[in-house]
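For reference, the structure is listed below as structure tokens.
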Amino acid sequence: MAVDGVKIIKDISIKDCNNPDDDAGEWIICVEPGKKPVRCSDSAYSYFKNVLPVNVNKKKVEHYLDTIKKEEREAQKSAKVGMEIEVPQGVYANTNETTTIQNDFPDTYGIGRNGLPPQVPTARKSQAKQLKAYLLFFDQVLATYFAHLGKVKDLLSVDQRLKKTYFTQAVQDIKDFEELVADYPAGDPEQLTHKLLGDLDNDVQRKNKILDHLVARFAEKFTDYAFLMKQLYADYADMAILQSKQGFLKDYDVTSRGRGSAFNYYRQPAEDLWDTENVAGVQKRIARLAGIRDYSRRDLSGSLIEIYDLVDADGITVYRWRIFDTGGNIILSATENYHTPQEARDEVYHAMVKIVTTSSGSIDTAFESEIADETVVGNFEIQISATGKYSFNVLDREADPDGPDRVIARQYTYHETEEEIKEAILALIAFMTDMFSEEGMFLIEHILLRPDVTTETVSQDQFMTICDDDCRGCHPIDPYSFRVTVVLPGWTYRFANIDFRNFLAELIRKELPAHVLARICWVGYREGQVPDEDNDMLRLEKAYKAFLLAKTNLGQKQDKEKLKELNKVLNELSSVYPTGRLIDCNEENEILEGKIILGRTNIGNI
């Protein structure tokens, strides 16, 4: 009766449309809590005008009803419009603009726009100029402050596009300014900044402090990471830490909101399962906190570093190394033979550290002057052949200048001009700094490895096995719930360091949810270092990739053979550790090259 236009209801009959034949409760229809009765399709209406029946055009009625419903839907949609909180438009405050303070002084000082009268003595004019020159230092300080204030939005940006952290600008509006200073590039702010503040701007250290401020806003820290990087990279550590912080902040929106998300394996094309960034959110976050440049799921065994053996002139097997670019070209090679693969591995990383600790700016500066044979630039030595062609060596400048350890690597490519050799060195630094990466990880969730639950019988070899804490045997306890296996390449420079391993293992366990137990394996080797059947990483890559490509279209089902192979590889994974030596404690001159740590060290030959 509350509907507009309804005057009277002469008769009404209500029935349960879901149970039309139920006469048990003829006068009662039970309505469940939380629900309300609605008109069903069997309802019918008869209309009267006084006592005369009125025939209704049903098509017109349906048309009117549809119109009413459409208007209601549109009204609901329009009700949402304009309900968002309006963000007020900012007003640009021109915070970088400044003008001299000298024009604010009373005219009696004679330093403003009006200056001094022409008839004043020369001594009075000199005093005014002295005061203007004295105040000019304060003008420049204020101009520098305002220039920095105008750059705050860029300095505190996660993009960190600025190459410098100090800024200044020319002092404006001083009458007879050219009589006060000389060699003042007022029209070139960059040159002026370099002239006044260039010696103060340690941009790496200052950017690290700025990024520490931004990281602290999210209650994050890089303290332990920075300490380890100092141990590993020495002078290059600040730059490496800076790059890690920049990568972390740039991806913080992804690593923060998606830290608890899994990767999407269901009905994915092959390119979204391998060679892809479709990985678990926690894997992305761990990678950014640990400075791992590439967190994608990809082949890790196929390194750009090759350590190979050959037979020398004395018939002894020795080892050498070389580094390739992404196009398969050799860009750096060893300059001597090594007795063990471990020595070759250590030396290749030694050369890489020397490369990245040389800044590209020092190369540009050095090539502004004429380059002679054996010119040393950073950790590079330029070689000029008798025919006038250029090449370069990588040096260990801390070694004996006349000893064999000074030259640790060489690029066996000759260049025609100084510009070409300069570009080759800069390209090598950029490649090692920005592109080269052996590090990565596989995070395998055990819940995906359950046997095929769609079949009635499951063979025993489809199950994973896991050892209990006392390690007296393996029992078929639940190996699937809240368990993951994290596999990392144990041969890389940082991952071979036991202190960095401890840091990363603790980071992994801290970032995973508290109820998830992680098994962490540091496996090796690079492809080709050992037979394929003995290479745990290579076997895992093949088995895991085949499993994912089959699993994506199976849902709860499993490809039994691929599951069986992956379980076999996971159960046989074994971690590799740094090599140590047993020594004679009576030999006082014995050099301790490696500590023996039970469970974390391989024992090598003396």
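The values are calculated or read from the model by the stated rules, or taken from the named source; none is laboratory data. Values in this document were obtained by computation on a predicted structure and should not be read as measured data. In this analysis, Cβ positions are derived from the backbone assuming ideal geometry, glycine residues included, and neighbour counts consider all displayed protein chains.
Just give me the residues in the range 294-323 being in a loop (DSSP other than H, G, I, E, B), touching a residue at least 40 places away in the same chain (Cβ under 8 Å) and more than 17 Å from Trp491 (Cβ to Cβ), in sequence order.
If the condition is that a residue be in a loop (DSSP other than H, G, I, E, B), touching a residue at least 40 places away in the same chain (Cβ under 8 Å) and more than 17 Å from Trp491 (Cβ to Cβ), then Tyr295, Ser296 are the ones that fit.
Since Gln529 meets every condition but one in (1) under 27 Å from the mean Cα position of the chain (by Cα); (2) crowded, with 18+ Cβ neighbours inside 10 Å, which condition does it not meet?
Unmet for Gln529, out of (1) under 27 Å from the mean Cα position of the chain (by Cα); (2) crowded, with 18+ Cβ neighbours inside 10 Å: (1).
Out of (1) closer than 19 Å to Pro489 by Cβ; (2) touching a Ser or Thr at 6+ places or on another chain (Cβ under 7 Å), what's the single condition that is false for Asn379?
Here Asn379 clears every test but (1).
I want to confirm something. Restricting to the range 63-110 and keeping residues that are part of a helix (DSSP H, G or I), surrounded by 10 or more Cβ atoms within 10 Å (Cβ to Cβ) and among the polar types (S, T, N, Q), which single residue is farthest from the chain's Cα centre (by Cα)?
The selected residue is Thr67.
Filter the range 485-510 down to the residues that are farther than 15 Å from Gly440 by Cα and at pLDDT below 90 and list them by number.
Asn497
Would you check if there is a residue in the range 455-473 being assigned to a loop (DSSP other than H, G, I, E, B), modelled with pLDDT of 85 or more, surrounded by 14 or more Cβ atoms within 10 Å (Cβ to Cβ) and on the phi < 0 side of the Ramachandran plot? First the steps, then the outcome.
Residues of the range 455-473 assigned to a loop (DSSP other than H, G, I, E, B): 455-459, 463-465, 468-473.
Subset that is modelled with pLDDT of 85 or more: none.
Taking every residue of the range 455-473 in turn, none turns out to be assigned to a loop (DSSP other than H, G, I, E, B), modelled with pLDDT of 85 or more, surrounded by 14 or more Cβ atoms within 10 Å (Cβ to Cβ) and on the phi < 0 side of the Ramachandran plot.
If Cys17 satisfies all but one of (1) surrounded by 10 or more Cβ atoms within 10 Å (Cβ to Cβ); (2) part of a loop (DSSP other than H, G, I, E, B); (3) within 45 Å of the chain's Cα centre (by Cα), what's the number of the condition it fails?
(3)
Matching residues to (1) farther than 13 Å from Arg450 by Cα; (2) in a helix (DSSP H, G or I); (3) without any contact (Cβ under 8 Å) to a residue 40 or more places away in the chain:
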{"site": "Tyr525", "(1), (2), (3)": "yes, no, no"}
{"site": "Leu538", "(1), (2), (3)": "yes, yes, no"}
{"site": "Leu549", "(1), (2), (3)": "yes, yes, no"}
{"site": "Asn553", "(1), (2), (3)": "yes, no, no"}
{"site": "Gln556", "(1), (2), (3)": "no, no, no"}
{"site": "Lys562", "(1), (2), (3)": "no, yes, yes"}
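Quick one: Asp272 ticks every box in (1) in contact with a Phe, Trp or Tyr (Cβ under 6 Å, 6 or more places away or on another chain); (2) without any contact (Cβ under 8 Å) to a residue 12 or more places away in the chain except a single one, so which number is it?
If we test Asp272 against (1) in contact with a Phe, Trp or Tyr (Cβ under 6 Å, 6 or more places away or on another chain); (2) without any contact (Cβ under 8 Å) to a residue 12 or more places away in the chain, just (1) comes out false.
For the range 415-446, give me each residue that is within 30 Å of Tyr544 (Cβ to Cβ), among the aliphatic types (A, V, I, L, M) and not in a loop (DSSP other than H, G, I, E, B).
Residues satisfying the conditions are Met432, Met435, Leu443, Ile444.
Can you say whether Asp173 is out of contact with any Leu (no Cβ under 9 Å at 6 or more places or on another chain) and surrounded by fewer than 19 Cβ atoms within 10 Å (Cβ to Cβ), as far as the supplied structure shows?
Here the answer is yes, as Asp173 does meet what is asked.
Which one of Lys151, Lys163, Lys129 is over 30 Å from Asp253 (Cβ atoms) and of a type in the set (Lys, Arg)? Spell out the reasoning first.
Working: Lys151 fails: over 30 Å from Asp253 (Cβ atoms); Lys163 fails: over 30 Å from Asp253 (Cβ atoms).
Of Lys151, Lys163, Lys129, the one residue that is over 30 Å from Asp253 (Cβ atoms) and of a type in the set (Lys, Arg) is Lys129.
Picking from Asn379, Asn393, which residue would you name as being under 23 Å from Tyr338 (Cβ atoms), touching a helix residue (DSSP H, G or I) at 6+ places or on another chain (Cβ under 6 Å) and either without any contact (Cβ under 8 Å) to a residue 12 or more places away in the chain or surrounded by 11 or more Cβ atoms within 10 Å (Cβ to Cβ) (or both)?
None of the other options fit; the residue is Asn379.
Would you be able to tell me the number of residues in the range 225-266 that are in a helix (DSSP H, G or I) and of a type in the set (Phe, Trp, Tyr)?
Residues meeting the conditions: 6.
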